[in-house]
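Here the structure is laid out as structure tokens; the discussion comes afterwards.
The values are calculated or read from the model by the stated rules, or taken from the named source; none is laboratory data. Every value quoted in this text rests on a predicted model; they were computed, and no experiment measured them. So basically every Cβ, Gly included, is an ideal-geometry build from the backbone, and we count neighbours across all protein chains shown.
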Amino acid sequence: MKYPVLLLLVSFAASFAQSPESKSPQDIKLPNGKRWSDVIAQADHEHNIKDSRELARLTEEIRDAIEKGDKFILSVKTLNKIEDAEKLLKTLKGRMRKN
């Protein structure tokens, strides 16, 4: 009774072992011939460009609001823009660290 259970466990473990022919996610080819990792990197690059432009726009608006405003008062709208810029920067930073 021990040996069939042991044989079953060994075959089960062997089925999960990595074979030399198994491909990593970076080596997966799409039907159009491109590598999956290249497609993801290109999409991330495009998102980075879009987010950095949005971040630049937000920071310019924040700078203009600060220059036009009183030195002791900051509007809620400007504070919301600062929070949006902070969230966008955090997202951008995380995506760039991934690559």
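Can you tell me which residues in region 59-91 are over 30 Å from Asp27 (Cβ atoms) and under 14 Å from the mean Cα position of the chain (by Cα)?
Lys87, Leu88, Leu89, Lys90
I want to confirm something. Restricting to region 32-42 and keeping residues that are surrounded by 11 or more Cβ atoms within 10 Å (Cβ to Cβ) and not acidic (Asp, Glu), which single residue is farthest from the chain's Cα centre (by Cα)?
Lys34
Has region 61-70 got any residue that is loosely packed, with under 12 Cβ neighbours inside 10 Å and at pLDDT below 85?
Yes, there is a match, as at least one residue in region 61-70 is loosely packed, with under 12 Cβ neighbours inside 10 Å and at pLDDT below 85.
Can you say whether Ala56 is free of Cβ contacts under 8 Å to residues at least 24 places away in the same chain and within 18 Å of the chain's Cα centre (by Cα), as far as the supplied structure shows?
In short, no.
Could you give me the residue pairs with C-beta distances under 9 Å whose first residue belongs to region 77-91 and is over 15 Å from Asp51 (Cβ atoms), whose second residue is aliphatic (A, V, I, L, M) and exposed (fewer than 15 other Cβ atoms within 10 Å of the Cβ) wherever it lies, and which are 6+ apart or on separate chains?
Qualifying pairs under 9 Å: Thr78/Ile66; Ile82/Leu74.
Hey, any hits in region 81-90 for a residue that's in a loop (DSSP other than H, G, I, E, B) and more than 30 Å from Ile40 (Cβ to Cβ)?
no
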